[in-house]
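Participant: Dumping the structure here so I can ask a few things about it.
The values are calculated or read from the model by the stated rules, or taken from the named source; none is laboratory data. The structure displayed is predicted, hence computed values, not measured ones. Glycine also receives a Cβ, built like all others from the backbone with ideal geometry; neighbour counts cover every protein chain displayed. Note: areas computed on protein heavy atoms with side chains; ligands, DNA, RNA excluded. Shrake-Rupley method; radii C 1.70, N 1.55, O 1.52, S 1.80 Å.
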Amino acid sequence: MLPTAELHIHIEGTLEPEMLVGLARRNGVALPTSDLDELRAKYSFADLQSFLDLYYDNLPVLRTSQDFYDLTSAYLDRAGRGGVRRAEIFFDPQVHLRNDVPLAAIFDGITSALGDSDISAELILCFVRDLGPDAAMETLRMALPFRDRFIGVGLDSAEVGFPPAPFKDVYELAAAEGLHRVAHAGEEGDPEYVRQALDVLGVERIDHGIRAMEDPELVARLRDEQVPLTVCPLSNVALRAIDRLSEHVLPKMLDEGLLACVNSDDPAYFGGYLDDNFAALRSELGMTEQQFATLARNSFDASFATAGQKAAWKTEISV
Ligand code: ADE
Ligand code: ZN
């Protein structure tokens, strides 16, 4: 099993239908159906928004710190079986706060599970971009008392129509607090979203970034500056950012010398975990073990782990 880092994983996107039904029962939350086949039938999407609608609809089942613990533990167990040594995990506190879950319950549940795992894991707090920059700022201020429990901030949810630039002040505060900064950009949004994330927000990593490939000047910059790109192949196909996996730009990204790595994004919704992404890239794109080794090395280089940790994990890559 190839050792890797997973740097683009939404903990809420690991909510498998079985756990959804179990948590709904445990917490007395009504679901439209508890039939697993009927639930699974809804996991088919036209675009990012149609996925987000279901993703947000499912989240009221998460109520207690135990729920967040169970969700996170299940992900870490599954990820570990797929070769993940390091995970930098996104969460969306605004959604849970809206569902009346206290911030302390979210942090307690998730960070206890991180502490109980063999995987080196850290948390990245994401802002829901369609709730706007003022709400993001309020969320960051609310989270600062828990500053030692997360290592960075990110920007997710609906992209087109919600460009990065208005979040400048929030990212400045995050930088002043010593937090790492990443943002989703170039998933559905055009290359300008990627430029703004780099130039206005000062991000250290771009989440997705596939549409950057439409802009040769931007590609050259990403190569020259070795900006990490957390690419999510099965997600891109599930949300129809790309028609077929066989047309994915990932091999071209590697050919261009970009620091791209593979991630699962929302594995419960998109047909698989990190190892499933690698298996699909092998069978449908014919990617080689050599390319996978490059992707694995990239994933460690792109992580916010220490230089010593990165070096140790990379020695495990045999190809
Ligand atoms: N939230 C969860 N998954 C996401 C994705 N792929 N893009 C944007 N926001 C998300
Ligand atoms: Zn994502």
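Participant: Exactly one of these conditions fails for Asp57: (1) away from ligand 1 (no atom under 16 Å from the Cβ); (2) without any contact (Cβ under 8 Å) to a residue 24 or more places away in the chain. Give me its number.
Facilitator: The one condition Asp57 does not meet is (1).
Participant: To continue, here is another question. From the set of residues in the stretch 238-261 that are more than 25 Å from Phe90 (Cα to Cα) and among the charged types (D, E, K, R), which is farthest from ligand 2 (Cβ to nearest atom)?
Facilitator: Once the filter is applied, the top-ranked residue is Asp255.
Participant: Here's another thing I want to ask about it. Looking only at the stretch 27-54, how many residues end up being over 30 Å from Leu295 (Cα atoms), more than 16 Å from ligand 2 (Cβ to nearest atom) and touching a residue at least 40 places away in the same chain (Cβ under 8 Å)? Quick ask: steps written out before the conclusion?
Facilitator: Initial filter on the stretch 27-54 (over 30 Å from Leu295 (Cα atoms)): 27-42, 53-54.
Narrowing further to those that are more than 16 Å from ligand 2 (Cβ to nearest atom): 27-42.
Subsequent filtering for residues that are touching a residue at least 40 places away in the same chain (Cβ under 8 Å) retains 27.
Residues that pass the stated criteria total 1.
Participant: Going through the stretch 163-179 one residue at a time, which ones are closer than 27 Å to Ala241 by Cα and outside any helix (DSSP H, G or I)?
Facilitator: Pro163, Pro164
Participant: Continuing with the same structure: Can you tell me which residue in the stretch 181-209 is farthest from ligand 2 (Cβ to nearest atom), limited to those that are surrounded by fewer than 24 Cβ atoms within 10 Å (Cβ to Cβ) and part of a helix (DSSP H, G or I)?
Facilitator: Asp199
Participant: To continue, here is another question. Could you please give the count of residues in the stretch 161-183 that are in contact with an Asp or Glu (Cβ under 7 Å, 6 or more places away or on another chain) and in contact (Cβ under 8 Å) with a residue 40 or more places away in the chain? Talk me through it step by step, then tell me what you get.
Facilitator: If we filter the stretch 161-183 for residues that are in contact with an Asp or Glu (Cβ under 7 Å, 6 or more places away or on another chain), which is where we start, we get 162, 180-183.
When the remaining residues are screened for being in contact (Cβ under 8 Å) with a residue 40 or more places away in the chain, the result is 180, 182.
Adding up the residues that qualify gives 2.
Participant: Can you list the helices (runs of 4 or more DSSP H) found entirely within the stretch 262-311 that contain at least 2 residues being of a type outside the set (A, V, I, L, M, F, W, C) and away from ligand 2 (no atom under 16 Å from the Cβ)?
Facilitator: Hits in the stretch 262-311: 274-285, 289-302.
Here is a yes/no grid of residues against (1) out of contact with any Pro (no Cβ under 9 Å at 6 or more places or on another chain); (2) of a type in the set (Lys, Arg); (3) at pLDDT 95 or above; (4) surrounded by fewer than 23 Cβ atoms within 10 Å (Cβ to Cβ):
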{"site": "Gln226", "(1), (2), (3), (4)": "yes, no, yes, yes"}
{"site": "Leu229", "(1), (2), (3), (4)": "yes, no, yes, no"}
{"site": "Lys252", "(1), (2), (3), (4)": "yes, yes, yes, yes"}
{"site": "Ala260", "(1), (2), (3), (4)": "no, no, yes, no"}
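For (1) open to solvent by less than 40 Å² (accessible area, probe 1.4 Å); (2) in contact with a Pro (Cβ under 9 Å, 6 or more places away or on another chain), each residue gets a yes or a no:
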| site | (1), (2) |
| --- | --- |
| Met1 | no, no |
| Pro17 | yes, no |
| Gly22 | yes, no |
| Gly28 | no, no |
| Leu36 | no, yes |
| Ala41 | no, no |
| Leu52 | yes, no |
| Tyr55 | yes, no |
| Leu59 | yes, no |
